[in-house]
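The values are calculated or read from the model by the stated rules, or taken from the named source; none is laboratory data. Everything numeric in this text was worked out from a predicted model, so none of it was measured. Positions of Cβ are generated from backbone atoms using ideal geometry, with glycine treated the same way; all protein chains shown enter the neighbour counts. Heavy atoms of the whole protein, side chains included, go into the accessibility calculation; ligands, DNA and RNA do not. Shrake-Rupley method; radii C 1.70, N 1.55, O 1.52, S 1.80 Å.
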Amino acid sequence: MIMLNVPREPWPIEYAAEHAELNRDREQDRIPFAYRSPQIQHRSYLVGWIRTRAEKFMFCTSTVHLAIYILDIFMDNFNIELDRLHLVALVCLQVASKYEERDVRIPKASQFNSVVNNRYQLAEFRDLEVMLLSFLGWKLNLPTAAHFAEYYSLFAVSKKDWCQTEFLSYETFWQEAQRAVKDYLDLALLDICMMQFLPSIVACACVLLARQQLRLIKWTEELQIITKYQCEDLTLCANVILSRSSNRGIERKRKNADSPDLGYVTAGSTTSTPEGITSKRRIIVCTEDSNL
């Protein structure tokens with residue numbers, strides 16, 4: 001499982017709480033998701049592919065989650081030609097990094113292009129970025145489960161919880177809780193069915209599962225006050241995430257994404273790549289001499 005351990009500078013707790021409340025309002029305005037993407041069968045591959053590229057650029061977790069959300073909602077509304085799926089994935093990652101990362105950490109389009117052996121024209125990155133942003137209404141303040149977990153995980157465990165465990169130090173105990181929350185966030189990315197839940201619910205379900213893994217009381221009064229969710233509000237989402245924990249294909253998909261041909265079929269390649277895009281709604285035809 002890929003862990004992206006690039007922490008942000010912590011916000012003062014009062015600002016973090018205010019920001020979490022603002023995100024609760026914003027998540028109500030997300031673009032409706034209809035589960036109608038003609039490329040939905042390729043999503044698992046693309047998610048793994050984005051995550052390994054994000055690790056290469058040392059992006060933070062929230063960048064990855066935002067990139068995959070943008071990918072999901074874009075694929076849900078457009079048909080994409082087979083040989084442009086990687087371009088779309090890279091531009092989603094590029095756009096997310098511009099919103100989430102510090103300026104000095106944002107790669108240029110040429111650096112993104114280099115991970116696919118300069119397969120595309122740089123103008124294609126620019127044109128697709130404009131098209132994608134126009135589709136989003138130029139709004140990137142799209143809260144994901146990672147944004148909520150960044151705040152809620154601060155309260156995942158307490159010193160009172162620690163007293164009920166065998167951990168020698170509270171710091172070790174707290175760090176283990178943070179790792180568990182991140183592990184469940186990783187699992188949540190794998191299943192498109194998670195789009196049925198609000199991101200705040202997904203984040204809280206990850207905290208719930210982390211506490212369960214540490215054999216703690218599932219949900220406390222403090223967590224209920226902070227998140228405004230009760231345990232029963234999170235049960236269905238938590239069960240969906242747990243259903244992914246027995247998935248044995250995760251490592252295989254990651255190995256495919258890390259193959260020398262970068263996911264493109266070449267002579268002798270054993271990498272599993274997306275195939276067979278069908279036409280339904282709007283079609284993106286991204287040839288080198290055409291505008292998006």
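Give the residues of the range 51-89 that are closer than 19 Å to Glu150 by Cβ and among the aliphatic types (A, V, I, L, M), sorted by residue number.
Result: Ala54, Met58, Val64, Leu66, Ala67, Ile68, Ile70.
Could you give me the residue pairs with C-beta distances under 7 Å whose first residue belongs to the range 73-99 and is farther than 19 Å from Arg30 by Cα and among the β-branched types (Val, Ile, Thr), whose second residue is open to solvent by 10 Å² or more (accessible area, probe 1.4 Å) and part of a helix (DSSP H, G or I) wherever it lies, and which are 6+ apart or on separate chains?
Hits for this filter: Val91/Glu129.
For Ile226, all conditions in the list (1) modelled with pLDDT under 95; (2) within 28 Å of Tyr45 (Cα to Cα) hold save one; what is the number of the exception?
(2)
With the checklist (1) open to solvent by less than 20 Å² (accessible area, probe 1.4 Å); (2) at pLDDT 85 or above in hand, flag the one item Arg36 doesn't pass.
Looking at each condition in turn, Arg36 falls short on (1).
For every residue, the table says whether it meets (1) in contact with a strand residue (DSSP E or B) (Cβ under 7 Å, 6 or more places away or on another chain); (2) open to solvent by less than 30 Å² (accessible area, probe 1.4 Å); (3) in contact (Cβ under 8 Å) with a residue 40 or more places away in the chain.
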position: Pro199; (1), (2), (3): no, yes, yes
position: Ala205; (1), (2), (3): no, yes, no
position: Ala210; (1), (2), (3): no, yes, yes
position: Glu222; (1), (2), (3): no, no, yes
position: Ile225; (1), (2), (3): no, no, no
position: Cys231; (1), (2), (3): no, no, no
position: Ala238; (1), (2), (3): no, yes, no
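Yes or no, residue by residue, for (1) modelled with pLDDT of 95 or more; (2) in contact with an Asp or Glu (Cβ under 6 Å, 6 or more places away or on another chain); (3) crowded, with 22+ Cβ neighbours inside 10 Å:
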position	(1), (2), (3)
Ile68	yes, no, yes
Phe74	no, no, yes
Asn79	no, no, no
Cys92	yes, no, yes
Arg102	no, no, no
Pro107	no, no, no
Ser114	no, no, no
Asn117	no, no, no
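Got a sec? Which of Leu208, Leu216 is at pLDDT 95 or above and on the phi < 0 side of the Ramachandran plot? First the steps, then the outcome.
Working: Leu216 fails: at pLDDT 95 or above.
None of the other options fit; the residue is Leu208.
Just to be sure I understand the filter: pairs with C-beta atoms under 8 Å, separated by 6 or more residues or on different chains, first member in the range 53-64 and in contact (Cβ under 8 Å) with a residue 12 or more places away in the chain and surrounded by fewer than 22 Cβ atoms within 10 Å (Cβ to Cβ), second member part of a helix (DSSP H, G or I) and basic (Lys, Arg). Which pairs pass?
Partner pairs satisfying both residue conditions: Phe57/Arg105; Met58/Arg105.
Tell me, please, whether a residue that is part of a loop (DSSP other than H, G, I, E, B) and either over 23 Å from Lys98 (Cα atoms) or open to solvent by less than 10 Å² (accessible area, probe 1.4 Å) (or both) can be found in the range 170-189. Give the steps one after another, and end with the answer.
Our first condition is that a residue be part of a loop (DSSP other than H, G, I, E, B); within the range 170-189, this holds for none.
There is no residue in the range 170-189 that is part of a loop (DSSP other than H, G, I, E, B) and either over 23 Å from Lys98 (Cα atoms) or open to solvent by less than 10 Å² (accessible area, probe 1.4 Å) (or both).
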